[in-house]
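The values are calculated or read from the model by the stated rules, or taken from the named source; none is laboratory data. Since the structure is predicted, the reported quantities are computational estimates derived from the model, not experimental observations. Here the Cβ is made from the backbone with ideal geometry for all residues, glycine too, and neighbour counts use every protein chain on show. Surface accessibility is based on the protein's heavy atoms, side chains included, excluding ligands, DNA and RNA. Shrake-Rupley method; radii C 1.70, N 1.55, O 1.52, S 1.80 Å.
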Protein chains: 4
Amino acid sequence: MPELAMDDIFARGRDVLASQPFSVLLGTELLVLEAGRAELRIPIREELAQQHGFVHGGVLSYAADNALTFAGGTALGPAVVTSEFKINYVRPAIGESIVARAVVVHAGRNQAVCRCDVFVFRDGQEILCATAQGTIAVRQG
Amino acid sequence: MPELAMDDIFARGRDVLASQPFSVLLGTELLVLEAGRAELRIPIREELAQQHGFVHGGVLSYAADNALTFAGGTALGPAVVTSEFKINYVRPAIGESIVARAVVVHAGRNQAVCRCDVFVFRDGQEILCATAQGTIAVRQG
Amino acid sequence: MPELAMDDIFARGRDVLASQPFSVLLGTELLVLEAGRAELRIPIREELAQQHGFVHGGVLSYAADNALTFAGGTALGPAVVTSEFKINYVRPAIGESIVARAVVVHAGRNQAVCRCDVFVFRDGQEILCATAQGTIAVRQG
Amino acid sequence: MPELAMDDIFARGRDVLASQPFSVLLGTELLVLEAGRAELRIPIREELAQQHGFVHGGVLSYAADNALTFAGGTALGPAVVTSEFKINYVRPAIGESIVARAVVVHAGRNQAVCRCDVFVFRDGQEILCATAQGTIAVRQG
């Protein structure tokens, strides 16, 4: 396969995101997609909250999962899935938007280990609210 | 605090779930909540899919996270949060509904370690699609 | 490859363990190895302690890692490695021996997801001190 | 408690390490211990190998666990334990020594989330062989 130019990688990533109904439901936007790196944003709205008004942990874990997969895909190609990940929540997420930033830590032929920090933007500040690590794998079959 | 009868635990859990806008958005139902055990169901609909038509991994991780927290809450009381968890995806989720079943493995005073299996129901069969393990903690402050 | 009889699986596992110098250093014994299941024991001695006299967490994580790999190997064949795992420590390990019991939760062609409970034996009782979950993969190349 | 000067933190850390019989058995040395950061080294010798001659994964997980705890201790005080961690192995460890470098990602009052990269040193190069993330907690009771 011919190498994709940067713009193509980003455009293709945006198309993949737009073809995920769950990402559309959550309002996820692709901010960055380039070799070894992906960044997603989710505007915070009331529907994403848990019972105390913070963003639900499930939104943060979705954001981490998806950003890890997009980052891994820049190393492994577009046909990838998340094999596994772990996430630590470190602060309640209250603010205007969630940004998940993932990087590839190591890529082999069939899988990549990636990390992701999830931030909340509030009053012009970015605040770490979760951090994740996981394995992205080339889709079988 | 006086001990809650089983029915009260379940009723309270249902109220907590109904007060989570994100759980309402996803259509999550509480099936079981009793000492050391929680079970949640999410009817599958197109909005929950990723680009290949399977349920998005973020829905499974949300289901695991929430079931872990509900199970942990039966041991620690209602004011709990997920500290961290890890999830392994083992099969694509295609079917009619997702069921997440969590149990408490060990509970101390301030935190509980729980496990959760996530199944998809398809044509009358239940099929494991993910498995998770994590820590639930009493909410600080 | 012809199917191995149970006794052969156990005998082969014992040989693998004996060929791991680190397992010999720690004194690890194979108790059980059969389809989908492995059990290892480590007699506790002072050299395995941390500063408070408990068994060092690193011994428990080694035991979990190795038991996960042995269990995974019963599903995938002997040429396997641990890709990743997570462990939660739930109680200090004080007693006569450590036993790590791993089971296969799901096995595909190239990898298996396994779980492991680590117990300490003390005064005739077995007490859970850690629990782990991880991915075992067929060795590449 | 009066603040410890940097030299005191390092000296105290070296004493803790020397008081862990398992760390003495493995030959672990403290290279760095300062606010938010710890670095441990383990000279590789045959006793630490698995059956293919690589350093056993259990040695890497021990190194990660211990480095995470030391890093967390710089934020939380010396009476800390590892609550949980996950580790991804990315390359076989073959070389002269293992170095585990941990940093604090977020510290609260009672627990800290830390990350650790584990390198092998070979022929003057440092090569990432594992990466870990976990929770360090103040010891209860």
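Miscellaneous remarks
- Of all residues in the range D:95-106 being closer than 17 Å to residue D:37 by Cβ and in contact (Cβ under 8 Å) with a residue 40 or more places away in the chain, the one that is surrounded by the most Cβ atoms within 10 Å (Cβ to Cβ): D:102
- Criterion: modelled with pLDDT of 95 or more, under 23 Å from residue B:136 (Cα atoms) and of a type in the set (Phe, Trp, Tyr) - qualifying residue of D:70, D:85, D:119: D:85
- Yes/no for residue C:38 being buried (at least 21 other Cβ atoms within 10 Å of the Cβ) and under 30 Å from residue C:109 (Cα atoms): yes
- Looking across the range A:20-35, the residues that are surrounded by fewer than 23 Cβ atoms within 10 Å (Cβ to Cβ) and closer than 23 Å to residue A:115 by Cβ come down to A:20, A:22, A:29, A:30, A:31, A:32, A:34, A:35.
- Residues that are crowded, with 24+ Cβ neighbours inside 10 Å and within 11 Å of another protein chain (Cβ to nearest Cβ) within the range A:69-81 comprise just one, A:69.
- Restricting attention to the range C:126-140, the residues that are under 18 Å from residue C:77 (Cβ atoms), of a type in the set (Val, Ile, Thr) and either part of a loop (DSSP other than H, G, I, E, B) or facing chain B (nearest Cβ under 8 Å) (or both) add up to 1.
- Residue within the range B:50-65 that is farther than 21 Å from residue A:69 by Cβ and not in a strand (DSSP E or B) present: no
- Conditions (1) out of contact with any helix residue (DSSP H, G or I) (no Cβ under 8 Å at 6 or more places or on another chain); (2) free of Cβ contacts under 8 Å to residues at least 60 places away in the same chain; (3) open to solvent by less than 20 Å² (accessible area, probe 1.4 Å); (4) more than 26 Å from residue B:111 (Cβ to Cβ): number failed by residue D:60: (2)
- When residue C:46 is tested against (1) open to solvent by less than 40 Å² (accessible area, probe 1.4 Å); (2) farther than 24 Å from residue D:54 by Cβ; (3) over 14 Å from the mean Cα position of the chain (by Cα); (4) at pLDDT 95 or above, just one condition goes unmet, and that condition is (1).
- Where a residue in the range B:9-37 is in a loop (DSSP other than H, G, I, E, B) and its partner, wherever it lies, is modelled with pLDDT of 95 or more and loosely packed, with under 15 Cβ neighbours inside 10 Å, with Cβ under 7 Å and at least six apart: B:27/B:43
- Filtered by the rule that a residue be more than 18 Å from residue B:103 (Cβ to Cβ) and touching a residue at least 60 places away in the same chain (Cβ under 8 Å), the range B:38-52 gives a lone residue, B:44.
- Any hit, the range A:85-93, residues being open to solvent by 50 Å² or more (accessible area, probe 1.4 Å), more than 11 Å from the chain's Cα centre (by Cα) and within 9 Å of another protein chain (Cβ to nearest Cβ): yes
- Of all residues in the range D:5-19, those satisfying the criterion of being open to solvent by 50 Å² or more (accessible area, probe 1.4 Å) and either touching a Gly at 6+ places or on another chain (Cβ under 7 Å) or within 11 Å of another protein chain (Cβ to nearest Cβ) (or both) are D:15, D:18, D:19.
- Of all residues in the range D:36-68, those satisfying the criterion of being β-branched (Val, Ile, Thr) and either in contact with a Cys (Cβ under 9 Å, 6 or more places away or on another chain) or at the interface with another protein chain (Cβ under 9 Å from one of its Cβ atoms) (or both) are D:55, D:59.
- Residue selected from the range B:107-119 under the condition more than 12 Å from the chain's Cα centre (by Cα) and open to solvent by less than 40 Å² (accessible area, probe 1.4 Å), by the criterion nearest to the other protein chains (Cβ to nearest Cβ): B:113
- Residue match in the range B:109-124 (condition: farther than 26 Å from residue A:22 by Cβ and of a type in the set (Gly, Ala, Ser)): yes
- Only one of the numbered conditions (1) outside any helix (DSSP H, G or I); (2) touching a Pro at 6+ places or on another chain (Cβ under 8 Å) is violated by residue A:47, and that is (1).
- Lone unmet requirement of (1) of a type outside the set (Gly, Ala, Ser); (2) within 7 Å of chain D (Cβ to nearest Cβ); (3) in contact with a Gly (Cβ under 6 Å, 6 or more places away or on another chain) for residue C:33: (2)
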